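The values are calculated or read from the model by the stated rules, or taken from the named source; none is laboratory data. Every value quoted in this text rests on a predicted model; they were computed, and no experiment measured them. Ideal geometry is used to build each Cβ from the backbone, glycine not excepted, and the neighbour counts take in all protein chains shown. Side chains are part of the model used for accessible areas, which takes the heavy atoms of the whole protein and leaves out ligands, DNA and RNA. Shrake-Rupley method; radii C 1.70, N 1.55, O 1.52, S 1.80 Å.
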Amino acid sequence: MESQISSPPTKTFLILINCVLLFTSNCAGPLIIRLYFIRGGSRIWLSCSLITAGFPFTIFLLIIAYFHRRKSNGPDNSTKILLMTRKLFIACLISGLVTGMVDYFYAFGSAKLPVSTSSLLTSTQLVFTAIFAFLIVKQKFTSYSINSVVLLTLGAGILALGASSDRPQGESSKAYIVGFIMTLVAALFYGFVLAFNEVSFRKTKKVIAFTLVLEFQMMMCFFATAFCVTGMIINKDFQAIPREAKQFELGEGKYYMLIVLTALIWQIFFVGATGVTCYSSALLSGILIAASLSVTEVLAVIFFHEKFGGEKGFSLALSLWGFVSYFYGETKQTKKMKNVTTEEMIQSPPI
């Protein structure tokens with residue numbers, strides 16, 4: 001049984017808001033985590049834990065939502081603190097642990113690769129998302145969505161042709177190759193996470209209110225952070241933080257500011273990704289992530305002075321084309337469904 005969702009106008013608004021959150025935060029996230037490494041940071045487990053460590057920010061939104069529900073239900077009606085079901089909680093646990101592994105692989109790759117290279121590899125998660133969406137969610141593809149996947153994959157492939165000459169100065173070939181592989185593995189596992197989250201929401205019998213989305217995202221990030229913090233403890237990262245802060249090129253104060261900002265930006269990303277996935281599809285999340293990474297490549301050239309050759313410009317054009325193709329197809333499909341519904345109502349008037 002498919003889960004119930006909010007009314008169409010509310011659903012459209014929530015999809016739009018979550019798309020904006022996902023797109024903007026995923027443009028900034030790779031840049032800020034790379035800034036940590038190029039300015040003197042070196043703790044892989046610390047950086048990967050920051051990707052999900054901002055989950056406490058979500059608690060404030062949930063508190064507001066709880067009191068709003070309590071006010072709406074009236075003083076005589078009991079209000080549950082959490083809307084989470086047992087099945088969704090188990091899904092959060094599985095998704096969180098896999099996300100923790102994704103965070104580590106991604107952080108390792110970010111430490112060894114330029115933003116442009118890691119972005120092109122991360123954009124391949126769209127292909128993995130499409131595969132897992134087909135296998136797990138039984139996603140139906142249209143000619144437009146297939147065209148979008150092909151264009152974005154082709155764009156990543158073109159960028160890969162020039163990636164060998166993009167190795168950072170002072171980075172060994174071995175470290176570069178390992179970072180390359182780690183980032184690719186992170187893309188594969190995150191493609192699974194998006195599809196797994198979608199099918200988890202589809203199987204729940206509860207109304208998918210945005211509060212439930214926030215609860216799912218918060219619990220998922222909690223388990224992912226617990227996984228990464230365990231690595232920090234084993235690697236003795238907590239003892240190294242004060243020393244690293246004093247040696248940070250931008251200064252000790254900006255070091256801690258960067259840590260907080262990193263956690264906040266990535267938390268916004270997970271809110272957006274989870275929202276888009278449950279209200280629309282894992283494939284749309286993958287499309288948005290791939291498209292935003294093309295913008296990230298341009299920003300990396302501006303802020304980090306990375307090389308931007310013809311292959312990157314062509315890849316950006318293909319990514320934007322794929323992004324527009326997907327939304328055009330979705331708009332056309334929605335219009336077609338409305339016309340079919342209208343015709344059915346005319347042919348079958350109420351008795």
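Only one of the listed residues (15, 94) is in a helix (DSSP H, G or I), within 22 Å of the chain's Cα centre (by Cα) and modelled with pLDDT of 95 or more. That residue is 94. When we screen 83, 135, 120 for residues that are open to solvent by less than 60 Å² (accessible area, probe 1.4 Å) and either assigned to a helix (DSSP H, G or I) or modelled with pLDDT of 95 or more (or both), the only hit is 120. The C-beta contact set for segment 229-251 (first residue more than 16 Å from residue 50 (Cβ to Cβ), second residue open to solvent by 70 Å² or more (accessible area, probe 1.4 Å) and assigned to a helix (DSSP H, G or I), distance under 8 angstrom, 6+ apart or interchain) comprises 246/252. When segment 43-63 is filtered for residues that are open to solvent by 20 Å² or more (accessible area, probe 1.4 Å), in contact with an Asp or Glu (Cβ under 7 Å, 6 or more places away or on another chain) and either of a type in the set (Lys, Arg) or not in a helix (DSSP H, G or I) (or both), only 43 remains. Might you let me know whether segment 259-276 holds any residue that is in contact with an Asp or Glu (Cβ under 8 Å, 6 or more places away or on another chain), buried (at least 21 other Cβ atoms within 10 Å of the Cβ) and touching a residue at least 24 places away in the same chain (Cβ under 8 Å)? Among the residues of segment 259-276, not one is in contact with an Asp or Glu (Cβ under 8 Å, 6 or more places away or on another chain), buried (at least 21 other Cβ atoms within 10 Å of the Cβ) and touching a residue at least 24 places away in the same chain (Cβ under 8 Å), which makes the answer no. When 232, 218 are checked against the criterion of being in contact with a Ser or Thr (Cβ under 9 Å, 6 or more places away or on another chain) and within 20 Å of residue 15 (Cα to Cα), a single residue qualifies: 218.
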